[in-house]
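Shown next, in structure tokens, is the structure this report addresses.
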Amino acid sequence: MRRLTFPAVVGHRGYRARFPENTLVSFSAAVAAGADMIELDVTLSKDRGVVVIHDDTLDRTTSGSGIVRETPLHELRRLDAGTWFDNRFSAEPLPTLEETLALVATSGVLVNIEIKSTAWETDAPEDAIERQVVAMIRRMQLIDTVLVSSFHPGFLENIAALPVHPEYALITNRTVPHDIVDLCTRLNVFSWHPHHESLKQSDIEAMHQSGIHVFPYTVNNPEDMIRLVEMGVDGIVTDDPELAVSCLTPYRRSVKTS
Ligand code: G3P
Ligand code: MG
């Protein structure tokens with residue numbers, strides 16, 4: 001991974017507090033706000049294109065309806081992914097991963113690609129989403145720019161088995177497994193992304209002893225941001241990168257990560 005300033009500010013779905021999540025305008029705004037990394041969610045279209053959207057269905061964040069994985073790419077591309085948030089964003093398409101990476105590649109920001117668990121395929125076909133993601137970032141020469149994350153450890157194991165691969169991260173929800181340090185160590189992750197409410201100081205210390213970074217999500221309240229940074233986290237995932245940059249600036253130091 002390229003140079004990162006700690007504690008890092010990770011823009012959750014871009015700049016979700018003020019822009020329609022997981023759209024190009026949201027990603028550009030997060031970069032402009034000073035985020036060190038942007039987080040986005042990917043899944044597959046019916047014809048196995050890698051697209052950027054959080055939900056399994058189209059209904060909440062687009063002008064369409066139905067299941068993303070049952071909709072072909074050309075239909076997804078016709079949807080409006082901005083008006084649900086505000087009429088000002090009616091021109092925002094549902095992005096492909098490739099166009100998103102092309103947009104942010106020159107900005108100097110790192111990218112956290114979260115592969116949704118529902119895209120998991122046990123039989124790991126040649127065009128499984130994790131393989132497509134890694135092939136794309138290799139082709140675009142972004143291996144050192146991307147962190148791949150998932151709640152599903154199988155994606156991380158499959159990525160680790162590829163001859164050239166990016167760093168990767170395990171996300172967990174509030175119910176943290178008791179052997180989380182062992183699991184992260186076994187998977188050889190770059191970072192652990194816990195829900196911030198379940199994070200304990202002892203977990204942060206144990207992760208650090210194993211050389212694993214800790215990036216809790218989704219932290220939007222300034223008191224929580226400062227409390228977590230004082231507990232020793234390496235960054236926070238937030239809907240409001242501008243607020244986080246201003247809260248965390250007194251704590252920030254530049255460190256080379258690899
Ligand atoms: O980065 C962690 C966070 O994005 C995981 O949850 O549901 O917002 O994708 P979700
Ligand atoms: Mg996510």
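The values are calculated or read from the model by the stated rules, or taken from the named source; none is laboratory data. Just so it is clear, the structure is predicted and the values come from calculations on it, not from any experiment. Glycine gets a Cβ as well: all are built from the backbone with ideal geometry, and neighbour counts include every protein chain shown. Note: accessible area is taken over every heavy atom of the protein model, side chains too, but ligands, DNA and RNA are not part of it. Shrake-Rupley method; radii C 1.70, N 1.55, O 1.52, S 1.80 Å.
Overview of values
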item	result
Dipole in debye (nearest 20) - the stretch 147-239, about Cα centre, beta carbon charges: Lys, Arg +1; Asp, Glu -1	180 debye
Rounded percent of accessible protein surface that carbon and sulfur make up, the chain, 1.4 Å probe	49 percent
Computed over the chain, Kirkwood Rh from alpha-carbon pairs, angstrom	18.3 Å
Cα-centred dipole magnitude for the stretch 45-153, charges only on beta-carbon of K, R (+1) and D, E (-1), debye, nearest 20	200 debye
DSSP-defined antiparallel bridges as percent of all bridges, the chain, nearest 5	20 percent
Span-like helix ranges in the chain, DSSP H, alpha carbon extent 20 angstrom or more, Kyte mean at least 1.0	none
Surrounding net charge for Leu40, when Lys and Arg each add one and Asp and Glu each subtract one, Cβ distance under 10 Å	-3
Average accessible area per residue (Å²) across the chain - probe 1.4 Å, nucleic acids and ligands excluded	42 Å²
Largest to smallest accessible area among Trp192, Trp120 [probe 1.4 Å]	Trp120, Trp192
Rounded, prolate or oblate (a/c below 1.5 giving rounded, otherwise prolate when a/b exceeds b/c) for the stretch 156-203 by Cα gyration tensor	prolate
Surface accessible to a 1.4 Å probe, Thr5 within the full protein complex, Å²	40 Å²
Solvent-accessible surface ranking, highest first, for Asp179, Asp240 at 1.4 angstrom	Asp179, Asp240
For the stretch 130-220: rounded, prolate or oblate by the Cα gyration tensor [a/c cutoff 1.5]	prolate
Cα gyration tensor category, rounded, prolate or oblate, for the stretch 62-105 with a/c compared to 1.5	oblate
Max mean-square fluctuation residue, GNM over the chain, Cα-Cα springs under 10 Å, options Ala81, Ala105, Ala161	Ala161
Student exercise, the stretch 33-76 dipole from Lys, Arg, Asp, Glu Cβ charges, in Debye to nearest 20	160 debye
For the stretch 185-248, with +1 on Lys and Arg beta carbons and -1 on Asp and Glu, the positive-most of Ser202, Pro216, Asn188 along the dipole	Asn188
Globularity index of the stretch 1-64, i.e. its alpha-carbon radius of gyration over 2.2 N^0.38 Å	1.24
